[in-house]
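Q: Can you keep this structure in mind? I'll have questions shortly.
The values are calculated or read from the model by the stated rules, or taken from the named source; none is laboratory data. No experiment lies behind these values; they were computed from the predicted model shown. Cβ atoms come from the backbone with ideal geometry, glycine included; neighbour counts cover every protein chain shown.
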Amino acid sequence: MQRPVPRRPGRGLARGIPAVLSVASAFLIWEVYVRLSGISPLMLPAPSRVVHQIVLNRALLWDNMVPTMKATFAGFALSLTVAFSLSVVLDFMPRVRRALFPIFVVSQTLPLVAIAPLVVLWFGFDLTPKVLLVALVTFFPMLVALVDGYAATDPEIEDLMRAMGASRGQVFCSARLPSAMPYFFAGLRISITYAVVAAIFAEYVGARAGLGIVILNAKNSFRPDLVLAAVVISSLLTLVLFAATALVQRIVLRWRDVEGHR
Amino acid sequence: MSLLQLQNVSVALGETRVLDDINLHVVEGEFVSILGPSGAGKSTIFRLLTAALPLQSGQITCAGEPLCARNGSFAFMPQRDALMPWRRIIDNLTLGLEVQGVTRKAARAQVLPLLADFGLEGFEQHYPAQLSGGMRQRAALLRTVVQGRPVQLLDEPFGALDALTRTQMQTWFEARWQTARWTSVLVTHDVREAVALSDRIYVLSRRPARVIAEITVPIPRPRLGRPPCAAAHAIEARLLETLLHQTGETP
Ligand SMILES: Nc1ncnc2c1ncn2[C@@H]1O[C@H](COP(=O)(O)OP(=O)(O)OP(=O)(O)O)[C@@H](O)[C@H]1O
Ligand SMILES: [Mg+2]
């Protein structure tokens, strides 16, 4: 019988140690390989060189990271709104769900390589096509997670609420929605890892600025070190977003952290 | 006049006939048990009363009026406690009042004074997962009681507990019931429990369930927490006899 205890701060850090070690050793092997083999930096630049490029080109990278971030955030906000609203509609109208769900599945089978140029063609080189592509790629995992989550509600809790005289809306807000939250966060974590990649891909196909453009230009001028520098920035961006969702999840799903769960 | 009455109620779920011509009634202030073997259809009766299942044939009246879905006559305690794991105990307890439209503050004010009596004082900020089985059951019971409905439907409230905790809870519950005198319908397959708590007991057959006996328990309360009397033993024996020597489909 314990009060809900906040996790000790040291433990979270300690749990990160294996990850840090494995990543560090991967880079170390890479570095050593490049130095020993004498491979040309035009083929494979060493990590130290990539880091050096990041420092040298920090202004360029920063200026191009901002549009990518904008596209990611706007696209994600759109996708979150659409996924949530749709999930509510679908939950209240099972017939609509059966009618529309195949369409959403098909939307996920469209190869990004084919659809991205079309979207850029239709909506131009501005923010709009990137936002749409990010939304297209990220909304489905969240929608599926929410719909599945609603369905996973304990029927006994729903029966109880109805026996209390609860309306359909009350059952949704007090039972179905909270039940879906663990599922939602699982979907959110998948979505968030797609988001930055989708934005960069959309830029790659056509944009005025962005990490995608940096990558495109660097590739065209045979600068793999700069390509990788942009890749590192985009990975960091994804990691930050991932950590942010983990933090929100920790707060929203605090009840799962207590003694007895786990 | 009876507060609750079931007349000729039959239910079939798919191909399975579950309830077969059930007749029973509950008078105000009375404690009635429905005793029956596992899988007989006891919970099904409650599902009818809480409108989780539509009435197929027969009649259910509550205070003389036909039962309709949302007339707010019953407070229901499901077989498993059905506490919401994401709500703290206090918020689980106020759920029924919240559904009725009572503000959170008023609901809490109503619940807080009852915590001590239900052995939950100091645990209102805990999550259900942090409570023992007995405490969860008491929380589920309190959540039922605070709804202030005329009749309480208790579906095996002590069924999931270990023998020792169950006996403690039954003794505690008897004391609570004696002061409050809720009109209660208890579903159970525990003969001892039925005899200890009830004014009257309906015995159901195996599926399809019919009422095969109606037994009055004229033993003065409190019955628990003291050596059981001969009359209780006699009734228990008779109930067991009825349950064991019934006809009907085997489950
Ligand atoms: N949807 C359904 N379709 C067909 N049969 C069902 C359905 N739901 C329940 N049953 C059957 O109805 C019977 C009665 O179920 P019920 O839950 O009312 O039993 P019970 O007396 O409460 O049992 P227990 O003591 O185990 O709680 C069971 O034998 C079950 O197999
Ligand atoms: Mg049952």
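Q: Suppose we filter B:Arg226, B:Arg207, B:Arg221 for residues that are outside any helix (DSSP H, G or I) and crowded, with 21+ Cβ neighbours inside 10 Å; which single one remains?
A: When all the criteria are applied, what remains is B:Arg207.
Q: Now for a separate question. Condition check: more than 16 Å from ligand 1 (Cβ to nearest atom), without any contact (Cβ under 8 Å) to a residue 60 or more places away in the chain and surrounded by fewer than 21 Cβ atoms within 10 Å (Cβ to Cβ). Does B:Pro54 satisfy that? Steps first, answer last, please.
A: Working: more than 16 Å from ligand 1 (Cβ to nearest atom): no; without any contact (Cβ under 8 Å) to a residue 60 or more places away in the chain: yes; surrounded by fewer than 21 Cβ atoms within 10 Å (Cβ to Cβ): yes.
No: the conditions fail for B:Pro54.
Q: Same structure, new question: Taking helices (runs of 4 or more DSSP H) that do not extend beyond the range A:140-219, which have at least 3 residues that are buried (at least 19 other Cβ atoms within 10 Å of the Cβ), in contact (Cβ under 8 Å) with a residue 60 or more places away in the chain and touching a Pro at 6+ places or on another chain (Cβ under 7 Å)?
A: A:177-205
Q: Here are some conditions: (1) away from every other protein chain (no Cβ under 14 Å); (2) part of a strand (DSSP E or B); (3) away from ligand 2 (no atom under 16 Å from the Cβ); (4) among the hydrophobic types (A, V, I, L, M, F, W, C). B:Leu19 meets all but one. Which one does it not meet?
A: Here B:Leu19 meets the rest and fails (3).
Q: Please verify whether A:Ala246 is surrounded by fewer than 23 Cβ atoms within 10 Å (Cβ to Cβ), in a loop (DSSP other than H, G, I, E, B) and either more than 14 Å from chain B (Cβ to nearest Cβ) or of a type outside the set (Val, Ile, Thr) (or both), treating the condition exactly as stated.
A: The answer is no for A:Ala246.
Q: Of all residues in the range B:16-44 being crowded, with 22+ Cβ neighbours inside 10 Å, closer than 12 Å to B:Val211 by Cα and of a type in the set (A, V, I, L, M), which is nearest to ligand 1 (Cβ to nearest atom)?
A: Filtering first and then ranking leaves B:Ala40.
Q: Considering B:Gln79, B:Gln59, B:Gln100, which residue is under 20 Å from A:Gln170 (Cβ atoms) and surrounded by fewer than 20 Cβ atoms within 10 Å (Cβ to Cβ)?
A: B:Gln100
Q: Is the range B:149-158 home to any residue that is buried (at least 20 other Cβ atoms within 10 Å of the Cβ), part of a helix (DSSP H, G or I) and touching a Gly at 6+ places or on another chain (Cβ under 8 Å)?
A: No, the range B:149-158 has no match at all.
Q: Can you tell me how many residues within the range B:82-128 are more than 9 Å from chain A (Cβ to nearest Cβ), assigned to a loop (DSSP other than H, G, I, E, B) and either within 30 Å of B:Leu55 (Cβ to Cβ) or not acidic (Asp, Glu) (or both)?
A: So the count comes out to 10.
Q: Given the conditions (1) within 16 Å of ligand 2 (Cβ to nearest atom); (2) in the same structural domain as B:Ala12 (by TED's automatic domain parsing); (3) buried (at least 17 other Cβ atoms within 10 Å of the Cβ); (4) under 23 Å from B:Leu120 (Cα atoms), and given that B:Ala140 satisfies all but one, which numbered condition is not satisfied?
A: (2) is the only condition that B:Ala140 fails.
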